[in-house]
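Engineer: Take a look at the following structure, please.
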Amino acid sequence: RMQSAVPELMDLSSEPQHVHEMYGTKPGTGRFANNCLLARRLVEQGVRFVQLYDEGWDHHGSVFSGLRQKCSQVDQPLAALILDLKQRGLLDDTLVVWGAEFGRTPMLQGDDGHQQSADKAGRDHHKDAFTIWMAGGGVRGGMTWGKTDDIGFHVVENTMHVNDLHATLLHLLGLEHERLTFRFQGRKFRLTD
């Protein structure tokens with residue numbers, strides 16, 4: 001069924017012009033906006049899990065121009081996806097999660113203090129404080145959990161371990177994380193262990 005349904009599903013040209021304007025899509029291109037619209041179409045057809053990837057976030061250099069450009073490519077289509085799901089009555093049952101593999105340090109990497117090199121400076125990997133946001137799927141809107149220090153380096157309030165995040169995601173998907181346990185070499189292991 002999927003093989004027969006996908007060609008029609010992938011044809012974004014059937015969407016009305018106002019939808020293309022909302023997402024910023026250009027049919028026939030490999031843009032992130034097209035993928036967001038495709039995600040909505042997949043959800044409409046009952047696909048239970050849709051995962052989107054977007055590359056080009058590894059800003060070890062040129063963070064000032066690169067990050068601004070990258071955000072301009074994803075902000076509009078992500079906002080459109082959430083609005084579109086909500087308008088179609090799909091957001092209550094669809095959990096949207098945005099995140100990355102880790103955060104970035106708040107200080108520059110590769111900057112020797114000269115303006116010329118500051119334009120080319122980047123940010124290093126930072127595992128201790130970073131942002132993930134969620135919408136729909138039972139998430140309470142407008143809520144923020146956790147807080148960093150003034151420069152975004154250390155978590156100073158409501159630290160959430162990645163295991164707790166996974167347990168929360170599983171709960172929102174209707175799964176009790178403590179029941180997802182298996183025995184291996186005499187010990188019980190959990191997905192959120």
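Engineer: Do any residues in the stretch 135-158 that are on the phi < 0 side of the Ramachandran plot have Cβ atoms under 6 Å from those of residues that are acidic (D, E), where the two are at least six apart or on different chains, and which pairs are they?
Structural biologist: So the pair list comes out as K147/E157; V156/D149.
Engineer: Could I ask something else about it? Filter the stretch 52-110 down to residues that are of a type in the set (S, T, Y) and open to solvent by 60 Å² or more (accessible area, probe 1.4 Å) and give me whichever is farthest from H125 (Cα to Cα).
Structural biologist: Per the criteria, the residue is S72.
Engineer: OK, next. Taking the stretch 151-193, which residues are over 23 Å from the mean Cα position of the chain (by Cα), polar (S, T, N, Q) and surrounded by 11 or more Cβ atoms within 10 Å (Cβ to Cβ)?
Structural biologist: If the condition is that a residue be over 23 Å from the mean Cα position of the chain (by Cα), polar (S, T, N, Q) and surrounded by 11 or more Cβ atoms within 10 Å (Cβ to Cβ), then T181 is the only one that fits.
Engineer: Considering the stretch 116-143 alone, what residues qualify as being farther than 23 Å from L67 by Cα and in a loop (DSSP other than H, G, I, E, B)?
Structural biologist: Listed by number, the residues that qualify are G137, G138, V139, R140, G141, G142, M143.
Engineer: Now a separate question. How about the stretch 16-57: which of its residues are within 21 Å of V96 (Cα to Cα), more than 17 Å from the chain's Cα centre (by Cα) and basic (K, R)?
Structural biologist: R41
Engineer: Quick one: how many residues across the stretch 133-150 are open to solvent by 50 Å² or more (accessible area, probe 1.4 Å) and out of contact with any Leu (no Cβ under 6 Å at 6 or more places or on another chain)?
Structural biologist: 11
Engineer: Looking at the stretch 58-101 only, could you name the residues that are farther than 23 Å from H20 by Cα, at pLDDT 90 or above and under 13 Å from the mean Cα position of the chain (by Cα)?
Structural biologist: G99
Engineer: Give the number of residues within the stretch 106-115 that are modelled with pLDDT of 75 or more and assigned to a loop (DSSP other than H, G, I, E, B).
Structural biologist: 4
Engineer: Answer yes if at least one residue in the stretch 14-31 is of a type in the set (F, W, Y) and either without any contact (Cβ under 8 Å) to a residue 24 or more places away in the chain or open to solvent by less than 30 Å² (accessible area, probe 1.4 Å) (or both), and no otherwise.
Structural biologist: The answer is yes, given that some residue of the stretch 14-31 is of a type in the set (F, W, Y) and either without any contact (Cβ under 8 Å) to a residue 24 or more places away in the chain or open to solvent by less than 30 Å² (accessible area, probe 1.4 Å) (or both).
Engineer: Moving on. Looking at V139, is it modelled with pLDDT under 90, within 20 Å of the chain's Cα centre (by Cα) and not small (G, A, S)?
Structural biologist: no
Engineer: For T192, which of the numbered conditions (1) in a loop (DSSP other than H, G, I, E, B); (2) at pLDDT 90 or above; (3) not small (G, A, S) fails to hold?
Structural biologist: So T192 meets the others, but not (2).
Engineer: Evaluate the stretch 152-169: report whether one residue or more is in a helix (DSSP H, G or I) and farther than 20 Å from Q51 by Cβ.
Structural biologist: Checked the stretch 152-169: at least one residue is in a helix (DSSP H, G or I) and farther than 20 Å from Q51 by Cβ.
The values are calculated or read from the model by the stated rules, or taken from the named source; none is laboratory data. Since we're looking at a predicted model, the values are computed, not measured. Here Cβ is always computed from backbone atoms with ideal geometry, including for glycine, and neighbour counts include all displayed protein chains. With ligands, DNA and RNA removed, areas are computed over all heavy atoms of the protein, side chains included. Shrake-Rupley method; radii C 1.70, N 1.55, O 1.52, S 1.80 Å.
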